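These notes are about the structure you will find just below.
The values are calculated or read from the model by the stated rules, or taken from the named source; none is laboratory data. All values derive from a computational prediction rather than experimental measurement. A quick note on method: Cβ atoms are made from the backbone with ideal geometry, for glycine too, and the neighbour counts reach across all protein chains shown. We work out accessible area using only protein heavy atoms, side chains counted, and drop any ligands, DNA or RNA first. Shrake-Rupley method; radii C 1.70, N 1.55, O 1.52, S 1.80 Å.
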Amino acid sequence: MAEAIAILALLFVAFVALGVFVTVKAVKAAKRGVDRTITQARRTVEDTTLRAKTYGTGGVTAELAQLRLSLRTSMRATQDALEAGAAEDASLQESLQLFHRLSAHGHELDADLKRLERDPDRAGVAAQLEELRERTQRIIHSAESLRWAARDRARKFADDDLASLNAQIDVEAGALRHWTVSEQEGLSWPAQPAGTAPDPAASATRSAQEPDAGRGASGPDEPRAITAKDPRQQPFYSWQKSTRPETTN
């Protein structure tokens, strides 16, 4: 009895531990989903605000907003392309690591641009625009190089796979059309199959082209001798009547 109670207690503890584990995993997954949703919503709001500043205001503020929007758009597109490609191509892991290093510079530049948007010294900010523009273009160029290289690699693999697939389909299509080869081989004159009646027209043609087999060494113009058949050499069949002997009167 004590052993049964101990087993039941262990099972109860195991089920409770399993329930706690599943609950914690579900809470963490839900938290990650909420954080992801909040991050995406924040990005959407910031991008919308930057576009509004680009179109609504002019001068230094619009220039800074345009630089931030271009930087964020290029970095996000490169990140999506590399992460999607790395899931299928392990060679892109190194490129993804390089992008993470580049992303650190991008975040630093975006923070600087965001800080300069609130700077009241517009003249000093305008003096730094050329350097900020060049810095932004360098990061965008590096991000685009990684993105387009990953896309070209994926397209190259897709083209090679399509070429191999087309070759296999051509071979399979030729195998399915096997009767065309049989028809081409059937154009030559095959031997007469056993058990079939000879063609009269073909026999007449061959008789006209071949020399007369009955003409022996005596020559083509010499008439053939007609000899009577010996009755004793003829075969006798059981259904034939026997020959009556000649009687003399």
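In table form, for the structure just shown:
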quantity: Filter pass, ASP119 being open to solvent by less than 90 Å² (accessible area, probe 1.4 Å), of a type in the set (D, E, K, R) and assigned to a loop (DSSP other than H, G, I, E, B); calculated: yes
quantity: Sole exception among (1) of a type in the set (A, V, I, L, M, F, W, C); (2) open to solvent by less than 60 Å² (accessible area, probe 1.4 Å); (3) over 30 Å from ILE140 (Cα atoms) for VAL13, by number; calculated: (2)
quantity: Flag for GLU144 being among the acidic types (Asp, Glu), out of contact with any Lys or Arg (no Cβ under 8 Å at 6 or more places or on another chain) and open to solvent by 80 Å² or more (accessible area, probe 1.4 Å); calculated: no
quantity: Test for ALA123: is it more than 16 Å from ALA149 (Cβ to Cβ) and within 38 Å of the chain's Cα centre (by Cα); calculated: no
quantity: Conditions (1) in contact (Cβ under 8 Å) with a residue 40 or more places away in the chain; (2) touching an Asp or Glu at 6+ places or on another chain (Cβ under 8 Å): number failed by ARG72; calculated: (1)
quantity: Matching residues in segment 84-103 - criterion: being open to solvent by 60 Å² or more (accessible area, probe 1.4 Å) and not acidic (Asp, Glu); calculated: ALA84, ALA87, ALA90, SER91, GLN93, GLN97, LEU98, HIS100, ARG101
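So that you can scan it fast, the table gives a plain yes or no per residue for (1) loosely packed, with under 13 Cβ neighbours inside 10 Å; (2) under 19 Å from ARG43 (Cα atoms):
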site: GLY106; (1), (2): no, yes
site: LEU109; (1), (2): no, yes
site: LYS114; (1), (2): no, yes
site: VAL125; (1), (2): no, no
site: GLN128; (1), (2): no, no
site: GLU131; (1), (2): yes, no
site: ALA150; (1), (2): no, no
